[in-house]
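Trainee: Take this structure first; my questions come after.
No value in this document is a laboratory result; all are computed from the given coordinates. Values in this document were obtained by computation on a predicted structure and should not be read as measured data. In this analysis, Cβ positions are derived from the backbone assuming ideal geometry, glycine residues included, and neighbour counts consider all displayed protein chains.
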Amino acid sequence: MKKHNLLLFKLLFFILSCVLQLNAQVKPIALHPVNPHYFVYNGKPTILITSGEHYGAVMNPDFNYKIYLKTLQKDGLNLTRTMTGGYFEPSGAFNISKNTLAPDQKKYLCPWQRVGDDSKFDLTKWDEAYFARLKDFVVEAKKHDVIVELSLFCPFYEEMQWKLSPFNILNNVNSLGAIPRTDVYTLDKNKGLLEVQEAMVRKLVNELKDCPNVIYEICNEPYFGGITLEWQGRIAQVIAEAEKSFVQHHLISQNIANGSQKITNPNPLVSVFNFHYAAPPTAVTQNYGLNNVIGENETGFKGQKDSTYRKEAWELILTGGGLFNNLDYSFTTEIEDGTFQYPAAQPGGGSVAYRKQMGYLKKFIESFDFVNMKPDTTVYSSGLTGKNKVTVLAEPGNQYAIYWMGGKRVNLELNLPKGRYSLEWMDPLTGKKEKKISLNHPGGKAMIESPGYQEDFGLKIINVN
């Protein structure tokens, strides 16, 4: 009898453990409850940093996303961004060579079924092959600890993209889309497309309800192509309504502007506010008071130098940003491991070396208890000259993350409270720890000489009292 009870107890304990483990697995990425400028995922404070492909991983069936996601994890990165398929690009668009967002038009996958001779789509019927690929992509991303930001919609920048879209009357059998491209994402001028868009959102949300590694972005670059704030608000509402009965809800992100913009009336359904080409990271400073994640989920049209995007990422993260994504043109179909040697005409960069540098940044910031840190402009006390720049994230008196750009060697004059500190320099190019010293400081100004460096350095200061 006792043996039977013991076996029963072990069985119940095993079942309970499985249930607890399952619950832990399905809890989606969320804002950190202590510091909502950052995320929490799998019970850990999280910052999202990546250099990812150009958003065609799911819609482009020729792209082997398993190799791609494995590469991101190997390089220490934890984010990818992908589009759903209502928008894609013709080959050669924006002068991008081997663009993953320009799939073979006959193979291209999207939420809707092809009908007839396969040249048109039925916007009332789902393509289950697409949803199977999408779910497999998200599940595979989870295996590699990668978060997927799913961009639901995208404006049609030019007629060449609009002519390809299933929303265009040329490409569907539903007699929808006989409108200008600037009226597609509106509440009052869409002529029946809003119902299709809402149905797509509900379908996607339902299909991915058990995937914890998803963030829904309302629309990529909605400040182009006539997209209205009212329409964006409606899509956010559809996501929230579709998840109302779910135990766990996913984060919603909104793309605000290129560069920077002060957000004056934030949508309360939105948790992540993203900017593009946000250098310098004025957008983070302007909107830090919102107490939400401020991110940069696209950059990559500023030439091909790794240093351009490395500095951009470091500055954004140490200004208090919680998400950074560079467009990496070294990922293509057939070369999904990110080793494609793009031509000189390519608008941006990305490389094996660059992704390693992003991994070093991620390790650097994760070496801090960053949830308790915030931007600090009082630590560096001497004036900046020339092109030198300094950015500081700090928990005053306890920990300081300092990023310096410019020069080859510098004497830092820092304001530090009394304490015994450990100082350690890190080379953003190599990830190597260049120098480590101890400082028994009486309080006030401290003069600290850096080691030699090429372009920039990271400095970690920890109070070891």
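Trainee: By count of other Cβ within 10 Å, fewest leading, how are 119, 450 ordered?
Mentor: Starting with the residue having the fewest Cβ neighbours, the order is 119, 450.
Trainee: What's the FRET efficiency of residue 117 with residue 430 using the Cβ-Cβ distance as r and R₀ = 60 Å, to the nearest 0.05?
Mentor: Calculated transfer efficiency: 0.60.
Trainee: Sticking with this structure for a sec: Let me have the 222 nm mean residue ellipticity of the chain computed from DSSP H runs of 4+ only, each contributing -39500 (n - 2.57), with the sum over all residues rounded to the nearest 500.
Mentor: Helix-only estimate at 222 nm: -8000 deg cm²/dmol.
Trainee: Here's another thing I want to ask about it. Rank the residues 462, 256, 218 as a footprinting-exposure proxy: fewest other Cβ atoms within 10 Å of their Cβ go first.
Mentor: 462, 256, 218
Trainee: What does the extension gain come out to for residue 223 and residue 27, with contour length at 0.36 nm per residue minus their alpha carbon separation?
Mentor: Extra length available between residue 223 and residue 27 comes to 67.3 nm.
Trainee: By the gyration tensor of its Cα atoms, with a ≥ b ≥ c the square roots of the eigenvalues, what is the shape of the range 145-260: rounded for a/c under 1.5, prolate for a/b over b/c, or oblate?
Mentor: prolate
Trainee: Under 15 Å from the Cβ of residue 205, count the other residues' Cβ atoms, weight Lys and Arg +1, Asp and Glu -1, and hand me the total.
Mentor: Summing Lys and Arg as +1 and Asp and Glu as -1 gives -1.
Trainee: Here's another thing I want to ask about it. Using all C-alpha to C-alpha distances in the range 376-463, build P(r) with 5 Å bins and read off the rounded percent in each one.
Mentor: 3, 14, 28, 29, 17, 8, 1
Trainee: Can you list the HN-Hα couplings for the range 93-105, worked out from phi with the Karplus curve (6.51, -1.76, 1.60; θ = phi - 60°), rounded to whole Hz and with x for Gly and Pro?
Mentor: Working through the residues one at a time gives 4, 6, 6, 8, 7, 6, 5, 5, 8, 10, x, 4, 4 Hz.
Trainee: Let me ask something else about it. Compute the FRET efficiency between residue 382 and residue 352 as 1/(1 + (r/R0)^6), taking r as their Cβ-Cβ distance and R0 = 56 Å, and round to the nearest 0.05.
Mentor: So, using R0 = 56 Å, E works out to roughly 0.90.
Trainee: In addition: Pull up the DSSP beta bridges for the chain and report the antiparallel fraction as a percent, rounded to 5.
Mentor: Among the beta bridges of the chain, antiparallel pairing accounts for roughly 60 percent.
Trainee: What is the set of long-range amide H partners of residue 51 at a cut-off below 5 Å, with H atoms built 1.01 Å from backbone N?
Mentor: 326
Trainee: Continuing with this model, one more query. Using +1 at the C-beta of Lys and Arg and -1 at the C-beta of Asp and Glu, which of 93, 168, 131 has the Cα lying farthest in the positive direction of the dipole of the range 66-209?
Mentor: Among 93, 168, 131, the one farthest towards the positive end of the dipole of the range 66-209 is 131.
Trainee: Multiply the residue separation of residue 126 and residue 265 by 0.36 nm, subtract the distance between their alpha-carbon atoms, and state the gained length in nm to one decimal.
Mentor: 46.5 nm
Trainee: If I take R0 = 41 Å and measure r between the Cβ atoms of residue 107 and residue 363 in this structure, what FRET efficiency does the formula 1/(1 + (r/R0)^6) give, to the nearest 0.05?
Mentor: 0.60
Trainee: Related question: Summing +1 for each Lys or Arg and -1 for each Asp or Glu, what net charge is found among the other residues whose Cβ lies under 13 Å from the Cβ of residue 425?
Mentor: +1
Trainee: Separate question: Starting at the first residue of the range 237-246, write each ³J(HN,Hα) from the Karplus equation 6.51 cos²θ - 1.76 cosθ + 1.60 with θ = phi - 60°, in whole Hz, x for Gly and Pro.
Mentor: After applying 6.51 cos²θ - 1.76 cosθ + 1.60, I find 5, 4, 4, 4, 5, 5, 9, 4, 8, 6 Hz.
Trainee: Further question on the same structure: Give, as ranges by residue number, the residues of the range 320-358 whose backbone N falls under 15 Å from the point 7 Å along Cα→Cβ of residue 95.
Mentor: Hits in the range 320-358 for residue 95 at 15 Å: 342-349.
Trainee: Can you list the HN-Hα couplings for the range 67-76, worked out from phi with the Karplus curve (6.51, -1.76, 1.60; θ = phi - 60°), rounded to whole Hz and with x for Gly and Pro?
Mentor: 5, 4, 5, 4, 5, 4, 5, 4, 7, x
Trainee: Further, regarding this structure: What are the principal axis extents of the Cα atoms in the range 312-465, in Å, biggest first?
Mentor: 59, 32, 24
Trainee: While we're looking at this one, here's another question. Scan the chain and report its longest stretch carrying no GluC sites (Glu not before Pro) that are both in a DSSP loop and have at most 16 other Cβ atoms within 10 Å.
Mentor: 159-333
Trainee: Continuing with the same structure: Once amide H atoms are placed 1.01 Å from N in the peptide plane, what residues at a sequence separation of 5 or more from residue 421, or on another chain, have their amide H within under 5 Å of its amide H?
Mentor: 439, 440, 441, 464
Trainee: How many nm is it between the label spots at residue 282 and residue 64, if each spot is 7 Å from the Cα in line with the beta carbon?
Mentor: According to this spin-label approximation, the distance is 4.5 nm.
Trainee: Mind checking which aspartates and glutamates have their Cα closer than 16 Å to the Cα of residue 363? Skip sequence neighbours fewer than 8 apart in that chain.
Mentor: Excluding near neighbours in sequence, the set is 75, 145, 315, 424, 427, 434.
Trainee: Of 338, 154, 317, which is farthest along the charge dipole of the chain in the positive direction, counting Lys and Arg as +1 and Asp and Glu as -1 at C-beta?
Mentor: Farthest towards the positive pole: 317.
Trainee: Loop only per DSSP, at most 16 neighbouring Cβ atoms within 10 Å: give me the chymotrypsin sites (Phe, Trp or Tyr not before Pro) in the range 92-157, ordered by residue number.
Mentor: 157
Trainee: Quick check: the angle from helix 352-366's long axis to the longest principal axis of the chain, C-alpha only, nearest 10 degrees?
Mentor: 60
Trainee: A further question on this structure: Calculate the spin-label point distance for residue 169 paired with residue 345, positioning each point 7 Å from the Cα along the beta-carbon direction, and give it in nanometres.
Mentor: The two pseudo-label positions are separated by 3.6 nm.
Trainee: Additional query: Provide, in order from the shortest bin, the percent of all Cα-Cα pairs of the chain in each 20 Å bin, continuing until the bin that contains the maximum pair distance.
Mentor: Using 20 Å bins, I get a P(r) of 24, 52, 21, 3, 0 for the chain.
Trainee: Given +1 on the Cβ of Lys and Arg, -1 on the Cβ of Asp and Glu, and no further charges, what dipole in debye does the range 125-229 carry about its Cα centre, rounded to the nearest 20?
Mentor: Roughly 220 debye for the range 125-229.
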